[in-house]
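Presented below is the structure to which this report refers.
Here, each number is a calculation from the coordinates, and none is a lab measurement. As the structure is a prediction and not an experimental result, all values here were calculated from the model.
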């Protein structure tokens, strides 16, 4: 069985979570825990089930040399060097740091909020004219961990030795869709428009009778969407014939759509979306998500036993690596 050694925070922890589900033997070396968005027990149940967890020890070098893959997260490039990262002889080694191991910022410290601000995300999030917002949860760390996992698996399957240097800021920039390309190619900086995607109209969050629904209607679905909301006459309205026109008169269009949605329930909207084949999303409560028949049928949920002995559902991977029964994952105490 492939042996993985994991050191660090939530980025390395997420990578280790993926390795566990790929059937690898993961040993996590604890180095102290940073504050989490959720309770620490919830974070342990999500990230660390199925791992053997040990405290940082003098045997670190021996553990790293015996591993097939080492994934190591640190606050600065020099911290990795001090751990002995470069001397470890594991065939595949992955370094996760805020700014990578080279360059003028290699030893800068940064929180996820700092990375989000430097990557331009904070500038885009929030309502126009109001304070910027930041992403909740551990988006930066989890995405970086996923990239680290992908790099290690690529080397593993190619049967090659590799050292991967992955920076959190670089990871975040790679996920910016067309924002970076827009600035690089045309000098245009995207502006903040709340939940309105802006380049496509209508695209926004709307109230319905018992909650909220988000729509992002590209031109392909315009006619079907008008049938869904009961406004077929708008097909003939010259203001809304093209996406450019719908953008120009977006306020008028938003008002018409808001009135159409306000008396519909989420279930009504779901059924109409299926009937007219329109992609949109109603905002679910957690109870609704846990009871969702589609997720249950797909076997999306994993069974996890927490440190306190409670058995709970936990999100599985968005794909199945193998057609095998999923075990009950347990959260082991640190040895």
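What to note about this one:
- The base-10 log of I(q)/I(0) for the stretch 160-310, evaluated at q = 0.18 Å⁻¹, reads -1.11 [Debye formula, identical scatterers on Cα atoms, solvent excluded].
- Over the stretch 3-174, the fraction of Cα-Cα pairs per 10 Å bin, rounded to whole percents and listed from the shortest bin up, is 10, 39, 35, 12, 3, 0.
- Seen through its C-alpha gyration tensor, with square-root eigenvalues sorted a ≥ b ≥ c, the stretch 84-195 comes out prolate because a/c lies at 1.5 or above while a/b is bigger than b/c.
- Entry for Rg and Dmax of the Cα atoms in Å (calculated from the structure that is shown) out of (i) 23.6, 75; (ii) 19.7, 66; (iii) 19.1, 58: (i)
- Helix 266-276 vs. the chain, principal-axis angle (Cα, 0 to 90°, nearest 10): 80
- Equivalent ellipsoid dimensions for the stretch 203-283 as semi-axes, Å, which come from the Cα gyration tensor, largest first: 20, 13, 11
- Distance from the stretch 161-194 to the stretch 228-291 (C-alpha centre basis), Å: 30
- Considering only the chain, percent of DSSP beta bridges that pair antiparallel, nearest 5: 35
- Alpha carbon centroid spacing (whole Å) that separates the stretch 34-65 from the stretch 142-156: 18
- Comparing mean-square fluctuations of 15, 158, 74 from a GNM of the chain with C-alpha springs under 10 Å, the top value falls on 158.
- Using the rule -39500 (n - 2.57) for each DSSP H run of four or more residues, divided by the residues of the chain, the 222 nm mean residue ellipticity is -10500 deg cm²/dmol.
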